[in-house]
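**Student:** Could you have a look at this structure, given as C-alpha cells, before my questions?
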Amino acid sequence: MKRAQIKLVAVIFLLSTLAAKGQSADPGSVVRSFYQYDSSHSQVFSKNAIQSRRRWFTDVLHLQLTKELERQAEFTRKNPDDKPHSGDGLPFRPLDEPCGIGGRSYRFTPTIGRPSMRGSAATVPVRFAYPKDCTLPTTQYLVRLHKVKNAWYINDIEYPDGSTLLADLMREQY
C-alpha cells in the first residue's frame, strides 16, 4: 500500500472508533461519555458545538438543534442588540454558577445515575451538584435515550420543571 492509502485507512479507522464512542450497549455509558466530552468543550451554542456532539444524538434531536441554529441566526440578524434564546449556551446542563468557599471557587459536578430501560427507550438521571458546603442547589436532569440498531442515542432531556429540550426546540415562536 502507498503511504497515502495507509494514512487514509488510519483516518477512517480513527473516525469510526470516535463515532462508536457515543454508541454503547449501556445507556449510562453513553450519557457518561457525552457529559465527559461536554464538560471539556465550549458551551457556546454554535454549529461546531452541535456537530462535535452529533455522535451522541438521535437524528430527531440533531435536526431540531440544527433548525434552532438557523432560527437563532435569523433572530440575531433582525435583533442584533437582543440576546438570542440560546444565548446562555448549550442546553445540556444548567448554568454553572461558581460557588465560593474559603476563597476558592467551585463548579458543579455531573453525576450519572442508574438507567431505567423499557424496550428501545431508556432514561438516565444526571445530577449536577456542588460540594456540600455550597449553598447553591443541586439540579437533576433526566436524559432520554432511544436505541437504534443496537446503539443508544440521546433523544431528549427533561428539565426539573418538567419541560423538555425537544419541546423547547420545537416551539412555535422564537
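Every number here is computed from the coordinates shown, using simple stated rules; none is lab data. All values derive from a computational prediction rather than experimental measurement. Neighbour counts are summed over all protein chains in view; Cβ atoms, including those assigned to glycine, are modelled from backbone coordinates with ideal geometry.
**Student:** Return a single number: how many Lys pairs in the chain, at a sequence separation of 8 or more or on separate chains, have alpha-carbon atoms below 18 angstrom apart.
**Tutor:** 6
**Student:** From Cα pairs below 8 angstrom and at least 6 apart in sequence, can you work out the relative contact order of the chain, rounded to a whole percent?
**Tutor:** Contact order relative to length: 22 percent.
**Student:** Using only the Cα atoms of region 81-174, build the gyration tensor, take square roots of its eigenvalues as a ≥ b ≥ c, and label the shape rounded, prolate or oblate: rounded if a/c is under 1.5, else prolate if a/b is larger than b/c, else oblate.
**Tutor:** Taking the square roots of the gyration eigenvalues as a ≥ b ≥ c, region 81-174 is oblate.
**Student:** Hey, another quick one. Need one number: the % of Cα-Cα pairs in region 127-174 sitting beyond the 16 Å mark.
**Tutor:** Above the 16 Å cut-off, region 127-174 has 57 percent of its Cα pairs.
**Student:** Tell me, 31, 60 in order of fewest to most beta-carbon neighbours within 10 Å?
**Tutor:** Starting with the residue having the fewest Cβ neighbours, the order is 60, 31.
**Student:** Let me ask something else about it. Treating only the Cα positions of region 3-169 as identical point scatterers, give the base-10 log of I(q)/I(0) from the Debye formula at each q in 0.08, 0.09 Å⁻¹.
**Tutor:** Evaluating at q = 0.08, 0.09 Å⁻¹ gives log10 I(q)/I(0) of -0.29, -0.37.
**Student:** Below 10 angstrom from the Cβ of residue 99, what's the summed charge of the other residues (Lys, Arg +1; Asp, Glu -1)?
**Tutor:** Taking every other residue near residue 99 into account, the sum is -1.
**Student:** Divide by every residue of the chain the summed helix terms, -39500 (n - 2.57) for each DSSP H run of at least 4, and state the resulting mean residue ellipticity at 222 nm, rounded to the nearest 500 deg cm²/dmol.
**Tutor:** So the helix-based figure for the chain works out to -11500 deg cm²/dmol.
**Student:** In Å, what Rg and Dmax follow from the Cα atoms of region 42-106?
**Tutor:** Answer for region 42-106, Rg first and Dmax second: 14.9, 46 Å.
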